[in-house]
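Quick note: the coordinates plus some simple rules give every number you see, no bench work behind them. Every value quoted in this text rests on a predicted model; they were computed, and no experiment measured them. Positions of Cβ are generated from backbone atoms using ideal geometry, with glycine treated the same way; all protein chains shown enter the neighbour counts.
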Amino acid sequence: MKTLIVEKIDQNRLGELVTVSRLFCEKPDLVALGEGAVPAGFGKAFQADNRIGANLVSPLAELIRQEAYEMILLSASTEGNGVASCLAAILSAPIVSEVTGISNDQVIEKPIYGGKALARYKINKTPSVLTIRRKYFEKAVLDGTMASTPLNISTRPVTLIDEIEQKTEGVPLEDAEFIATGGRGMGSADNFAMLKEMIDLLKGAVGASRGAVDEGWMPPQLQIGQTGKIVAPTVYFAVGVSGASQHLAGISNAKCVVAINKDEEANIFNRARFGIVEDYKKVIPAIIKVLKAEG
Ligand SMILES: Cc1cc2nc3c(=O)[nH]c(=O)nc-3n(C[C@H](O)[C@H](O)[C@H](O)COP(=O)(O)OP(=O)(O)OC[C@H]3O[C@@H](n4cnc5c(N)ncnc54)[C@H](O)[C@@H]3O)c2cc1C
């Protein structure tokens, strides 16, 4: 199948998408978003400004038609899912978003009902569009760089007026191996400083439940769950989080969940490998002390 990857210039994301592409073709083509050198390993490479936003959709659709791509792969990020659904509509193409598995005979798998069940799909029409969840596929190693052609963008129906940077310190949640998420049980925005101190010692990232975001304690871009970020850390600390199904939908691929909650009946304990029934204000300082002692 002639395959096109559309992704930012980012070794990790591109590496995972290349692994997926190998289930469909020998060498995919690439639309690389962003400035800088394009990693090698693709048939043809096109390049476009990462901040092109909605202006990307029409030129991409045109390229897909011209080159007769049969499979289009993007990351299941907010931007990736947005562009993918517009492409699918323009091209009348089938789309499966948030893909977490693909078998050798190209059966595609994704979680549904907030992660309570898996759906399997066989695609019978081309072109098809898939968005792939981060960290579910191995990263192919992309050595060296290759030449690229600018993507032909003839019209720009949307004008970029301004950019306001939303600053998030440290490791992005999607890449973090350690995450400490605070819920409504944290009690205040100030109390998140304790989580930050702990997770900084592990070089990880702080997240939030919707409860904490709704309280205005943490910004929406740090929300984890069905309507927030999907994360896949090695260790996930859920602190003062009840464990609603919509929250659990965002952590289905977390390897080890450590729950700290005062209520022994809290649903988060059903997902946790380690559970501590206690006030987090007693537990987090103790963990910080141990981490500091161990350097
Ligand atoms: C369509 C839809 C989409 C949604 N999407 C999301 C989503 O993406 N992400 C998300 O998180 N939610 C989402 N929700 C909301 C979800 O249903 C829950 O309401 C939310 O997750 C609850 O947040 P919480 O666990 O922080 O708060 P609560 O449910 O209020 O739980 C707080 C917990 O803290 C514990 N606690 C209190 N004090 C302490 C203490 N001192 N020490 C230890 N523990 C303590 C309590 O025992 C309790 O279990 C969504 C809901 C809907 C309807």
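Taking each residue as 0.36 nm, the span from residue 107 to residue 214 lengthens on full extension beyond its C-alpha to C-alpha distance by 34.7 nm.
If you stretched the chain out fully between residue 163 and residue 26, how much longer would it get, using 0.36 nm times the residue separation minus the C-alpha to C-alpha distance?
45.5 nm
Helix 11-21 axis versus longest C-alpha principal axis of the chain: approximately 60°, rounded to the nearest ten.
Looking at this model, which pairs from 2/116; 44/122; 196/281; 8/44 are more than 24 angstrom apart at the alpha-carbon? Result: 2/116; 44/122 exceed 24 Å.
Based on the alpha-carbon gyration tensor of segment 173-294 and its eigenvalue square roots a ≥ b ≥ c, which shape applies: rounded if a/c is under 1.5, prolate if not and a/b is larger than b/c, or oblate? Since a/c stays below 1.5, the shape of segment 173-294 is classed as rounded.
Figure legend: label point modelled 7 angstrom from the Cα of residue 279 along Cα→Cβ; residues of segment 168-212 with amide N under 14 Å from it are 186-188. The angle separating the long axis of helix 192-201 from the principal Cα axis of greatest extent in the chain is about 70 degrees.
In plain terms, the chain from residue 190 to residue 19 could stretch by 57.3 nm, reckoned as 0.36 nm per residue minus the Cα-Cα distance. Distance from the Cα centroid of segment 221-295 to that of segment 61-105 is 33 Å (rounded to whole angstrom). Listed by chain and number, the aspartates and glutamates whose alpha-carbon sits under 17 Å from that of residue 282, ignoring those within fewer than 8 places in the same chain, are 190, 197, 263, 264. Once Rg and the Kirkwood radius are both taken over the C-alpha atoms of the chain, their ratio Rg/Rh works out to 1.01. Oblate is the label for segment 28-93. Its Cα gyration tensor axes, ordered a ≥ b ≥ c, give a/c of at least 1.5 and b/c at or above a/b.
As a proxy for reagent exposure, 97, 188 were ordered by neighbouring Cβ count within 10 angstrom, fewest first; the result is 188, 97. Among 113, 121, 280, 136, a tally of other beta-carbon atoms within 10 Å of each Cβ gives an order, fewest to most, of 113, 121, 136, 280.
Normalised by 2.2 N^0.38 Å, where N counts its residues, the alpha-carbon radius of gyration of segment 3-150 equals 0.97. The residue 264 and residue 221 beta-carbon pair, evaluated with R₀ = 30 Å, returns a calculated FRET efficiency of approximately 0.40. With neighbour counts taken as other beta-carbon atoms within 10 Å, the residues 100, 168 rank, fewest first, as 168, 100.
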